[in-house]
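The values are calculated or read from the model by the stated rules, or taken from the named source; none is laboratory data. Note that this is a predicted model, so its numbers are computed, not measured. For neighbour counting, all protein chains shown are included, and Cβ atoms are generated from backbone atoms with ideal geometry for every residue, glycine included.
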Amino acid sequence: MKMEEVQGVRVREYNKEKDREAVEEMESRCELGLQGKPSISTDLMGDPTCRIRHSPSYTMMVAEYGEEKEIVGVIRGCIKTVTRGKKTMTSCPIYAKVAYILGLRVLPTYRRLGIGRMLVEKLEEWCKKEGAQYAYMATDCTNEASINLFTLKCAYVKFRSPTVLVQPVHAHSKPIGPGITIVRLALQLAESIYRQVFTNSEFFPEDINVILSKKLNLGTFMALPKGTLQKWDPKSGNLPPCFAILSVWNSKEVFKLQVKGVSALKYALCVGSRILDAWMPWLRIPSIPDVFRPFGVYSLYGLHMEGGKGASRLMKSLCAFAHNMASDDPGCGALVAEVGRMDPVREAVPHWRRFSWIEDLWCMKKLSTVEDEDETCGVPNWITSRPSSSVIFFDPRDF
């Protein structure tokens, strides 16, 4: 295929009635190109917009080629208002309207023709019209093709490198630490605590109340030392001296994942671990769930702890509680949490290193050409300045 043939490509917004089947076919062809290598396949369960439609504002665009209007590429984007840290002289957070770009796919036979860049630029135009000041994307730090497209051709810069922690869901339940009480928080109390503890963080969503009220949110839970609950008065606005908190998002109802391309030996070892666990449950073997069939995940977000070493123990018990919730839900194969690399909570979250990755690279670009009001008041440029906090809030709608 010659480079000039890209002139026959047109980028437009996704039409649910007309494009759904064609998009599903196109994305399945993209995954076929990964055969022979271990990979994770995503089943969007008949809704290509499932990963963005829970956001305040979103769109999906397709690239079609030729007279037959074959769909050869897709891209998705959503916009939200989030914190970018705090003002230097006050404790008030600074908010920014940010676009998140995800789900960029181009058919293998149409790559290196500029279609990916066309999709990104067209989506950026929509983001600017919606008032987004910044746009960012996330990718594995080893995905050179995606990184080069955004950084070398689309003027994005490497911004943050959070850590993704994954824990398989086992058949047996995990014990909650002795002397620990776990309570479910009412929506308004959960919102109040989150706005208090994440005020200095980055990417904390302004509409946290909307997230917490969604059906996909399975609850916000707090772990406390026994006896603390009776002494703590939530109405006072003060937090307990030692606690851990997190929320659980049911991504299982949004999409399913499936591991493909592993060797026969690895497959046999995984199956064997489940058989042994079923035969001898008293050994509590950390078996690997059946990830070779479509499985769902629970996303853990809003993870925070206070109170020194005791808080770490509380967070581990809280994660065990979430694991037990997931083990009672058929088809849920893993828990996923994304946190800042330097966030203290990272060391307290149970995970398997083999399934987790240290760097989930985020690249960002400033879309607005007008100088921000905050910058005129002496607030440093968000992209080029050092982060004001080690904490990055992971929005479960973005997973």
_Can you confirm whether MET315 is closer than 28 Å to LYS214 by Cα and in contact (Cβ under 8 Å) with a residue 40 or more places away in the chain?_
yes
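Table: residues versus (1) in contact with a Ser or Thr (Cβ under 9 Å, 6 or more places away or on another chain); (2) closer than 18 Å to SER299 by Cα; (3) of a type in the set (Gly, Ala, Ser).
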residue	(1), (2), (3)
HIS170	yes, yes, no
LEU185	yes, yes, no
ARG195	no, no, no
PRO205	yes, yes, no
SER213	no, yes, yes
ASN217	yes, yes, no
PHE221	yes, yes, no
*Of (1) farther than 20 Å from VAL349 by Cβ; (2) crowded, with 19+ Cβ neighbours inside 10 Å, SER251 satisfies all except one. Which?*
(1)
*Restrict the check to the range 169-181 and report whether at least one residue is modelled with pLDDT of 95 or more and not acidic (Asp, Glu).*
yes
*Mind checking whether some residue in the range 268-279 is farther than 25 Å from ALA190 by Cβ, modelled with pLDDT under 95 and surrounded by 20 or more Cβ atoms within 10 Å (Cβ to Cβ)?*
no
*May I ask you to say which residue of ASN209, ASN217 is out of contact with any strand residue (DSSP E or B) (no Cβ under 9 Å at 6 or more places or on another chain) and not hydrophobic (A, V, I, L, M, F, W, C)?*
ASN209
*Quick check: is even one residue across the range 248-255 in a loop (DSSP other than H, G, I, E, B), of a type outside the set (Lys, Arg) and closer than 30 Å to SER312 by Cβ?*
no
*asked:* Among the listed residues THR139, THR163, identify the single one that is of a type in the set (Ser, Thr, Tyr) and either free of Cβ contacts under 8 Å to residues at least 60 places away in the same chain or touching a Leu at 6+ places or on another chain (Cβ under 8 Å) (or both).
replied: THR139
_If TRP357 satisfies all but one of (1) of a type outside the set (D, E, K, R); (2) under 27 Å from LYS266 (Cβ atoms); (3) touching a helix residue (DSSP H, G or I) at 6+ places or on another chain (Cβ under 6 Å), what's the number of the condition it fails?_
(3)
*Given (1) of a type in the set (D, E, K, R); (2) assigned by TED's automatic domain parsing to the domain that holds GLY237; (3) at pLDDT below 95, where does GLU191 come up short, assuming only one miss?*
(3)
*Does any residue in the range 90-117 that is under 21 Å from LEU367 (Cβ atoms) and without any contact (Cβ under 8 Å) to a residue 60 or more places away in the chain come within less than 8 Å, Cβ to Cβ, of a residue that is among the hydroxyl-bearing types (Ser, Thr, Tyr) and part of a strand (DSSP E or B) six or more places away or on a different chain, and which pairs are these?*
LYS97/THR81; LYS97/TYR134; ILE101/TYR136
*Quick one: in the range 58-71, which of the residues that are crowded, with 17+ Cβ neighbours inside 10 Å and in contact (Cβ under 8 Å) with a residue 40 or more places away in the chain is farthest from TYR110 (Cα to Cα)?*
THR59
*Selection status of SER385, in a loop (DSSP other than H, G, I, E, B), modelled with pLDDT of 80 or more, farther than 28 Å from VAL166 by Cα and among the polar types (S, T, N, Q)*: yes
*Could you tell me which numbered condition ARG293 fails, if it satisfies all but one of (1) touching a residue at least 60 places away in the same chain (Cβ under 8 Å); (2) at negative phi; (3) not in a helix (DSSP H, G or I)?*
(1)
*Residue in the range 325-344 that is farthest from HIS304 (Cα to Cα), counting only those that are of a type in the set (A, V, I, L, M, F, W, C) and assigned to a strand (DSSP E or B)*: CYS332
*Would you mind listing the strands (runs of 3 or more DSSP E) fully within the range 94-198 where at least 1 residues are farther than 22 Å from SER251 by Cβ and in contact with a helix residue (DSSP H, G or I) (Cβ under 8 Å, 6 or more places away or on another chain)?*
134-140, 157-160, 180-185
